[in-house]
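Note sheet for the following structure.
The values are calculated or read from the model by the stated rules, or taken from the named source; none is laboratory data. The structure presented is a predicted model; accordingly, all values stated were derived computationally and were not measured. In this analysis, Cβ positions are derived from the backbone assuming ideal geometry, glycine residues included, and neighbour counts consider all displayed protein chains.
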Amino acid sequence: MSAATHPTERGPVVVVGAGQAGAILSIYLARQGHNVTVYESRPDLRRTDIDAGRSINLALATRGIVPLIDVGVIEDVDAITIPMRGRMVHVDGDPTPDLQPYGSQEHEVIHSVSRSDLNAILLDAAEATGNVTLEFDTAVSTIDFDSSTITFEDGRQTPFGVIFGADGAGSRVRKAMGLAGACTFSTEWLDHDYKELTLPPNPDGSHRIDPNALHIWPKGEFMLIALANPEGDFTVTLFAPKTTFAELDSAAAIQSFFDTEFGDFTTLVPDVVDQFLDNPTGRLGTLHADGWHYEDRAVIVGDAAHAIVPFHGQGMNAALESVRTLDQHMRANPNDWEAAFSMYAAERKPDADAIAAMALDNYIEMRSGVVDPDYLVKREFALDLEQRHPAHVKPRYNMVMFSTMPYSEAQTRAARLADIITSAIADPALDVDALVDALPPLPSLDPLADPKALSTS
Ligand SMILES: Cc1cc2nc3c(=O)[nH]c(=O)nc-3n(C[C@H](O)[C@H](O)[C@H](O)COP(=O)(O)OP(=O)(O)OC[C@H]3O[C@@H](n4cnc5c(N)ncnc54)[C@H](O)[C@@H]3O)c2cc1C
């Protein structure tokens, strides 16, 4: 250990950020027996109507479900999720969109969940431990590791023994670790932005389109997606090049763009122009951070360590999974948190790099692959191989969304499978079954994973 004393003897255990990562981390720390203070810059979302400013709902999948089972909140989460069985692909002029199921198995669905409702469940569970103090409207400004002092934006100061940075992509904790020489980082910005819109319910409150699917309007260079909310509306997101956003600089230009590109959608959203003008445009980037901990004094989790683009719907899932990994290493090394933090970082960094790359790949798959005949043939091929060799093959999307194997393993397996499929299509005489049987067997799911944990219909 870097210090003679355990970090908890030096001062308070502090978590910065009460998003999904910070909230679940505070539960895990409380269950390890620590008293935890969480500082969150925003007001308490359970008592204030905060515009999350980003996506209002998120896709939850197996890697995120497992930690929610682990901390005992899954039944509450089940009550607020909507299962999505596949991608509903809307193509110009086709009145009956095509459902591309995510998997061949009953439980292979993803779940639309409200960002703020999930966060509220985790905050309630954190408070229920009796060991967590939540301090809202308290923004951390700087952290001085020499004096072990946090300075807040309002000028107040407080000591800390160990600090957990769950403060998102723009993390102040990471910045302080950088100044201390423990971390280097940069953000690779995408030349595409996003904007959220709302597809309202029918007058009777029902959904206007199938709620049990993730809707995509793929347009090659850009796309719209829509995820249902329990209130009957959909959160819709336009992802497009910055140059496209730049051209949408007047009501007429916006109306014409939506009429031309997304005619069926636009008839369902009469105020699309007002929404477009009112709602902010968000940036998208991949954070590359090396050095996720500073001795046993600070460690970063979630977007603070590995913010990624949202095209695989995995940022929050990865954040929850990372926090559970950190908890496991801390439990295994209760007296040496420097070792625990170091093992956590060594285990998760390759996985964070893998999902960052796969998330970027999935943008192309969503905005153009889903209507590309070549892609569709390969996807069918992969699903067919999975049927014939279930012990050895899972398509990439399914390994990411419906398994708990390390992301880096999913990436390696997916590359090998893609090579086999490409070769088999080029050479129909190839003995594909022999090649697939030679692949290492798929690992089993995490013992905690329960395919029936969330309702699938
Ligand atoms: C458009 C979009 C769609 C997405 N869709 C999905 C999806 O479908 N599925 C999925 O898994 N992920 C998705 N994500 C990613 C997901 O939103 C993030 O990965 C996840 O929210 C990360 O959680 P976090 O707790 O690490 O960070 P955050 O949610 O950013 O939480 C950080 C918290 O720290 C607080 N904070 C920040 N600075 C300070 C400070 N100085 N002092 C005190 N508090 C501070 C913030 O207010 C915030 O509450 C999406 C992201 C975007 C942008």
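Can you go through LEU199, LEU214 and tell me which one is of a type in the set (A, V, I, L, M), under 30 Å from PHE311 (Cβ atoms), crowded, with 19+ Cβ neighbours inside 10 Å and more than 10 Å from the ligand (Cβ to nearest atom)?
The match here is LEU199.
If we scan region 237-249, do we find a residue that is within 14 Å of MET88 (Cβ to Cβ) and within 16 Å of the ligand (Cβ to nearest atom)?
No, there is no match, as no residue in region 237-249 is within 14 Å of MET88 (Cβ to Cβ) and within 16 Å of the ligand (Cβ to nearest atom).
Of these, ASP278, ASP290, ASP296, which one is outside the structural domain of ARG172 (by TED's automatic domain parsing), more than 16 Å from the ligand (Cβ to nearest atom) and of a type in the set (Asp, Glu)?
So the residue among ASP278, ASP290, ASP296 that is outside the structural domain of ARG172 (by TED's automatic domain parsing), more than 16 Å from the ligand (Cβ to nearest atom) and of a type in the set (Asp, Glu) is ASP278.
Looking at region 217-322, what strands (runs of 3 or more DSSP E) fall wholly within it and have at least 3 residues that are within 18 Å of the chain's Cα centre (by Cα)?
Result: 223-228, 234-241, 281-290.
Would you confirm whether any residue within region 143-159 is under 27 Å from GLY369 (Cβ atoms) and in contact with a helix residue (DSSP H, G or I) (Cβ under 7 Å, 6 or more places away or on another chain)?
no
Consider VAL323 carefully, then state whether it is aliphatic (A, V, I, L, M) and farther than 30 Å from PRO203 by Cβ.
Yes, satisfied.
Going residue by residue through region 74-84, is there one that turns out to be more than 12 Å from the ligand (Cβ to nearest atom), in contact with a Pro (Cβ under 6 Å, 6 or more places away or on another chain), at pLDDT below 95 and at negative phi?
Checked against the condition, which is being more than 12 Å from the ligand (Cβ to nearest atom), in contact with a Pro (Cβ under 6 Å, 6 or more places away or on another chain), at pLDDT below 95 and at negative phi, region 74-84 yields no hits at all.
Would you say LEU430 is crowded, with 20+ Cβ neighbours inside 10 Å and either without any contact (Cβ under 8 Å) to a residue 60 or more places away in the chain or outside the structural domain of PRO67 (by TED's automatic domain parsing) (or both)?
no
What do you reckon, is SER112 within 11 Å of the ligand (Cβ to nearest atom) and on the phi < 0 side of the Ramachandran plot?
yes
Taking the residues in region 1-44 that are modelled with pLDDT under 95 and hydrophobic (A, V, I, L, M, F, W, C) as candidates, determine which candidate is surrounded by the fewest Cβ atoms within 10 Å (Cβ to Cβ).
If we take residues in region 1-44 being modelled with pLDDT under 95 and hydrophobic (A, V, I, L, M, F, W, C), then ALA4 is surrounded by the fewest Cβ atoms within 10 Å (Cβ to Cβ).
This table checks each residue for (1) among the small types (Gly, Ala, Ser); (2) over 19 Å from VAL301 (Cα atoms); (3) touching a residue at least 12 places away in the same chain (Cβ under 8 Å); (4) assigned by TED's automatic domain parsing to the domain that holds VAL393.
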residue: LEU29; (1), (2), (3), (4): no, no, yes, no
residue: GLN32; (1), (2), (3), (4): no, no, yes, no
residue: LEU45; (1), (2), (3), (4): no, yes, yes, no
residue: ASP49; (1), (2), (3), (4): no, yes, no, no
residue: LEU58; (1), (2), (3), (4): no, no, yes, no
residue: ASP70; (1), (2), (3), (4): no, no, yes, no
residue: ILE74; (1), (2), (3), (4): no, yes, yes, no
residue: ALA126; (1), (2), (3), (4): yes, no, yes, no
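Check whether at least one residue in region 331-346 is in contact with a Gly (Cβ under 9 Å, 6 or more places away or on another chain), touching a residue at least 40 places away in the same chain (Cβ under 8 Å), within 16 Å of the ligand (Cβ to nearest atom) and of a type in the set (A, V, I, L, M), and report yes or no.
Within region 331-346 (the criterion being in contact with a Gly (Cβ under 9 Å, 6 or more places away or on another chain), touching a residue at least 40 places away in the same chain (Cβ under 8 Å), within 16 Å of the ligand (Cβ to nearest atom) and of a type in the set (A, V, I, L, M)), the answer is yes, since at least one residue qualifies.
Return only the number of the condition from (1) under 30 Å from ALA410 (Cβ atoms); (2) surrounded by fewer than 21 Cβ atoms within 10 Å (Cβ to Cβ); (3) in contact with a Phe, Trp or Tyr (Cβ under 6 Å, 6 or more places away or on another chain) that ALA228 does not satisfy.
(2)
Is it fair to say ILE27 is out of contact with any strand residue (DSSP E or B) (no Cβ under 8 Å at 6 or more places or on another chain) and β-branched (Val, Ile, Thr)?
Against the criterion (out of contact with any strand residue (DSSP E or B) (no Cβ under 8 Å at 6 or more places or on another chain) and β-branched (Val, Ile, Thr)), ILE27 does not qualify.
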